[in-house]
Amino acid sequence: MRLLLSLIAGSLFGTGLFLSGMTDTTKVQGWLDVFGNWDPTLAFVMGGAIIPMMIAWQLTRGRHPLVGGEFPTPPKHEIGHRLVVGSVLFGMGWGLAGLCPGPSIASLSYGGAGGLVFVAAMLVGMGAAPAIGARIDRIAAA
Amino acid sequence: MDHDWIMGLIGGALIGLGGAVYLLGNGRIMGASGIIGGLVDGTGWSTAAERLVFLAGLFLAPTALYVLTGMEKTTNVTSNWFVIVAAGLLVGVGTRIANGCTSGHGVCGISRFSLRGMVATVFYILAGGIMLTLMRHVFGVI
């Protein structure tokens, strides 16, 4: 059951990314290109995605997940240096290539060699993140 | 081009529906960077099957649509290898340090009115916009 639901969720996510145009880097970079040919599509995608998720969060109240267990509680650590530094680094990469983790996987079959190299570099970055994060913690503590 | 926002809304709604299935069904937050990153750094190996099946759906659904519909599809990603590698590394490191990307902090975070999600989203959009503006309009690299 858990695996079937994962497959359905992943497929819906991938279909949505495909149809919305969010695997097209010109549309993502178009959203960020305020001083160029600005493209508002990303805002509609975000809005369209947030509405069903808002309803879903409301439905979690007083209930349990279908497969059992508990719903995730809001994380204890609020706004820290990791959230800010990490988001800035992510945003820099997102602006450079117009790809983020979800669309990079969704577009692998038609993204060409560039898409494969991006995902490979992203996986290397994810592997290096714990060590880099620890270093950022030390700098922040100093 | 004129109907891009409609496709954006429809695609976005499917993305949100995927997130709703993952949350209400499995009790998990649909964040692409977390799902992938947990497999890379080992923190998610105890739930590896669920993650891999999700990623399979995320890859296979758009692939099937691409093959079956014969739609012309490309990511239009840059052909500058240095930019692609730098972007992939930044996205990988940044999303893991911030503990979320566009799907986790953006879609799932904002929809639960999470301050962390909103702050992360503001920072990665600002950083992305500044990076794109500098690299496109000032240095002419992308």
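So for the stretch A:2-141, taking the charge dipole from beta-carbon charges (+1 Lys/Arg, -1 Asp/Glu), which of A:SER11, A:LEU42, A:ILE55 sits furthest toward the positive end?
Final value for the positive-end residue is A:ILE55.
Step through the residues of the stretch A:118-125 one at a time and calculate ³J(HN,Hα) from phi using the Karplus curve (6.51 cos²θ - 1.76 cosθ + 1.60, θ = phi - 60°), rounding each to whole Hz and writing x for Gly and Pro.
Result, ordered by residue: 4, 5, 4, 5, 5, 5, 4, x Hz.
Computed over the Cα atoms of chain B, what is the convex hull's projected area averaged over all directions, in nm²?
Numbers: hull surface 42.1 nm².
Hull-based average projected area comes out at 10.5 nm².
What percent of all Cα-Cα pairs in the protein assembly as shown falls in each 10 Å bin, counting up from 0?
Whole-percent P(r) values from 0 Å outward: 7, 31, 40, 18, 3, 0.
Mind putting a number on the dipole of the protein assembly as shown about its Cα centre? Charges go on the C-beta only, +1 for Lys and Arg and -1 for Asp and Glu, and I need it in Debye to the nearest 20. Provide the component values of the computation, followed by the final result.
Numbers: 15 positive and 11 negative charges, 146 e Å.
Approximately 700 debye in magnitude.
How much accessible area is lost when chains B and A come together, counting both sides, with a 1.4 Å probe, in Å² rounded to the nearest 100? Intermediate results must be reported in sequence, preceding the final value.
On the way: alone 10660 and 10610 Å², together 12320 Å².
So the total buried area for this chain pair works out to about 8900 Å².
Using only C-alpha atoms and all pairs of different ones, pull out the Kirkwood radius for the stretch A:23-142 in Å with one decimal.
Values: mean 1/r = 0.0572 Å⁻¹.
Result for the stretch A:23-142 stands at 17.5 Å.
Can you give the average number of partner chain beta-carbon atoms within 10 Å of each beta-carbon in peptide A:60-68, as a whole number? Before the final figure, lay out each step's value.
Values: counts 5, 0, 0, 2, 2, 7, 6, 6, 2.
The per-residue average across the peptide is 3.
Put +1 on the Cβ of every Lys and Arg and -1 on every Asp and Glu Cβ in chain B; which of B:SER79, B:GLY57, B:THR95 then has its Cα farthest towards the positive end of the dipole?
B:THR95
So what's the stretch A:92-142 giving for Rg/Rh, alpha carbon basis, Kirkwood Rh from the mean inverse pair distance? Could the numbers behind the result be given before it?
Working: Rg = 13.9 Å, Rh = 12.3 Å.
Radius of gyration relative to Kirkwood radius: 1.12.
Determine, for each peptide in A:90-100, A:11-21, A:110-120, A:47-57, the mean count of other beta carbons within 10 angstrom over its residues, then list the peptides with the highest first.
Details: A:90-100: 28.8, A:11-21: 26.7, A:110-120: 19.4, A:47-57: 21.0.
In decreasing order of mean packing, A:90-100, A:11-21, A:110-120, A:47-57 become A:90-100, A:11-21, A:47-57, A:110-120.
Just order B:12-19, B:73-80 by mean Cβ neighbour count inside 10 Å, highest at the front, would you?
Values: B:12-19: 27.4, B:73-80: 18.4.
The densest-packed peptide leads the list: B:12-19, B:73-80.
Per-residue ellipticity at 222 nm for chain A, helices alone: DSSP H runs ≥ 4 residues times -39500 (n - 2.57), over residue total, nearest 500 deg cm²/dmol?
Values: 6 runs with 99 residues, N = 142.
Only helices count here, giving -23000 deg cm²/dmol.
At 1.4 Å probe radius, can you tell me the per residue accessible area of chain A in Å²? Could you put the intermediate results ahead of the total?
Working: 6240 Å² over 142 residues.
I get 44 Å² per residue for chain A.
Using +1 at the Cβ of each Lys and Arg and -1 at the Cβ of each Asp and Glu in the stretch A:2-141, identify which of A:ALA97, A:HIS77, A:VAL117 lies farthest towards the dipole's positive end.
Result: A:HIS77.
The values are calculated or read from the model by the stated rules, or taken from the named source; none is laboratory data. Here the structure is a predicted model, which is why all the values come from computation and not from measurement. Cβ sites come from the backbone with ideal geometry, for glycine too, and all protein chains shown count toward neighbours. Just so you know, the surface numbers come from the protein's heavy atoms only, side chains and all, with ligands and any DNA or RNA stripped out. Shrake-Rupley method; radii C 1.70, N 1.55, O 1.52, S 1.80 Å.
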